[in-house]
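No value in this document is a laboratory result; all are computed from the given coordinates. Quantities reported herein were computed from a predicted structural model and do not represent experimental measurements. Cβ placement follows ideal geometry from the backbone for every residue including glycine, while neighbour counts extend to all protein chains displayed.
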Amino acid sequence: MRFYSTRGGADAVTLSQALREGLAGDGGLFVPEQFPAFTANDFVNDVTLPSMANRLLAPFFAGDALEAGLAQITAEAFNFPVPLKPLAANNDLSVLELFHGPTAAFKDFGARFLAAAMSRLHLNAERPLTILVATSGDTGGAVAGAFHRRPGTQVVVLFPQGRVSPRQEAQLTCWDGNVRALSVQGSFDDCQRLVKAAFVNATLRERFELSSANSINLGRLLPQAAYYVQASLAVWRRTGQHANFIIPSGNLGNALACIWARRMGLPIGRLLLAHNRNRAVPDYFDRGEWSPRASVQTIASAMDVGNPSNMERLRHLIPDLADLKSFVSTDWVDDEVIAARIKTDYARYNEVWCPHTAVGAEAYERLSPADKAQGPWVLVATAHPAKFPESVEPLIGHTLAIPEPLAKLLALPRRFDVIAPSDSALQHALT
Ligand SMILES: *Cc1c(COP(=O)(O)O)cnc(C)c1O
């Protein structure tokens, strides 16, 4: 299969090229030239997530240099559990826990898949592949951890100074060797802008083989579709109904992966995109006009995105808002409501949400009874609450046990440099 740019101004490329380049030459994002069609029956013999992923992704890998490595890549990347848990107190709602990987957020799926794929692409190159990644909190840690000590690669993580949680910051700055962290005196949007500018900076391009690992990279998005296959099939086999998903959203990578899985024929019904006060997407649904803006800071910081990159892929796939609205709806939630939802659901379900997952839980609560009755709903839990103790612990009244992989990272010493939010500051830091 080949992949082309959402802007139509660049040549179609192979999968390997799309992973390596991150962004298309015309500034657009890579999308597949077509989506293969599947039915639930295609997956009857696949029990594990890696085997479902192999089947789903085989058409995208067909004819590429990575084709023979796909099974190894998925086995290496998806080596942790992905439970789908019914909520005891609510028969119509279950929770898909995507936070059992090494950095305790769903970004581990895409980051680990991309690292496993890229390290196979690059084994013989003499210049190290340099991954530039802008993070609003969780991406950077997941990408750094996934690439750490992988030969032939180095990672530079840009994060907005003071706008990630202390534990997130620890996960961005605890690495050594081939991973560097830059604390940018600006917002996530500044970080994202610097990374985009670096890709068209002639000096940097000459010096490094640059690539991205943000959710603009196809190698992050494709593997995320796999857990929607697994979860929707589990619901389908249990209930005979399509699964509806509530997805806490920021840059729309997770949502897009779900929409791609749906497009490929998996039994997925509605999507509810749950945003924090960064409400560019809900406003687009309300007004029909796309107006990206600066991000605002919230307690669900990994969703603080004012100009979600993947909107370009979404609008390319489904340009007509009415078509999009036929199966997708959106909502947005402010910080006070997030906090109240964490408190209430802890009392009611004995479940502790991270602030991002709580945005989704609140959006679900606000559905009309008719919408709730549209079939089984699955709340996508995007991070472990122990990543955000300063906002979650006061609400539930006790400390949270830290998952073991996370505890290991938190014990390591911190290393980072501070830079101004300018292209020249980034260039200077890198050269
Ligand atoms: C990144 C992230 C999100 C938002 O996901 P997108 O793919 O950017 O929409 C939500 N929750 C958590 C915990 C995240 O790390």
Derived scalar couplings ³J(HN,Hα) [segment 395-402; Karplus, 6.51 cos²θ - 1.76 cosθ + 1.60; whole Hz; x for Gly, Pro]: 6, 9, x, 7, 7, 9, 5, 8
Cα-only Debye scattering, segment 290-414: base-10 log of I(q)/I(0) at q = 0.09, 0.10, 0.19, 0.20 Å⁻¹: -0.34, -0.42, -1.18, -1.24
Hydrodynamic radius (Kirkwood) for segment 234-293, which is based on Cα pairs only, to one decimal in Å: 12.8
For peptides 159-171, 135-147, 409-421, sequence by mean Cβ density within 10 Å, most packed first: 135-147, 159-171, 409-421
Where only C-alpha atoms are counted, convex hull volume of segment 129-239 per residue in Å³: 129
Under 5 Å, built H, 5+ apart or other chain: amide partners of residue 330: 273
Spherically averaged projected area in nm², based on the convex hull that wraps the Cα atoms of the chain: 19.0
Rounded to whole Hz, the Karplus (6.51, -1.76, 1.60) HN-Hα couplings of segment 409-415, x for glycine and proline: 5, 5, 7, 7, x, 9, 9
Anchor residue 408: aspartates and glutamates whose Cα lies under 15 Å away (excluding residues fewer than 8 positions away in-chain): 169, 176
Projected area, mean over directions - segment 71-184, Cα convex hull, nm²: 8.6
Summed side-chain charge close to residue 338 - residues other than residue 338 whose Cβ falls under 14 Å, Lys, Arg +1, Asp, Glu -1: -4
By average C-beta atoms within 10 angstrom, highest first, the peptides 278-284, 201-207, 392-398: 278-284, 392-398, 201-207
Bridge type composition, the chain - antiparallel percent by DSSP, nearest 5: 20
Compactness relative to 2.2 N^0.38 Å, alpha carbon Rg of segment 29-86: 1.26
Unit Cα scatterers, Debye sum, segment 140-202: log10 I(q)/I(0) for q = 0.13, 0.17, 0.23 Å⁻¹: -0.35, -0.59, -0.98
Interchain or long-range residues, amide H under 5 Å from residue 130's placed H: 154, 209, 210, 211
In Hz, Karplus ³J(HN,Hα) per residue of segment 247-264 (6.51, -1.76, 1.60; θ = phi - 60°; x = Gly, Pro): 10, x, 10, x, 8, 6, x, 5, 5, 5, 4, 5, 5, 5, 4, 5, 4, 7
Set of lysines with alpha-carbon distance to residue 85 below 21 Å, sequence-local pairs under 8 removed: 107, 343, 372, 387
Mean projected area in nm² (Cα convex hull; one quarter of hull surface) for segment 1-119: 9.3
Interchain or long-range residues, amide H under 5 Å from residue 184's placed H: 159, 161, 419
Per-residue [θ]222 nm for the chain (sum of -39500 (n - 2.57) over DSSP H runs n ≥ 4, rounded to 500): -12500 deg cm²/dmol
Ascending count of other beta-carbon atoms within 10 Å, so fewest first, for 336, 209, 312: 336, 209, 312
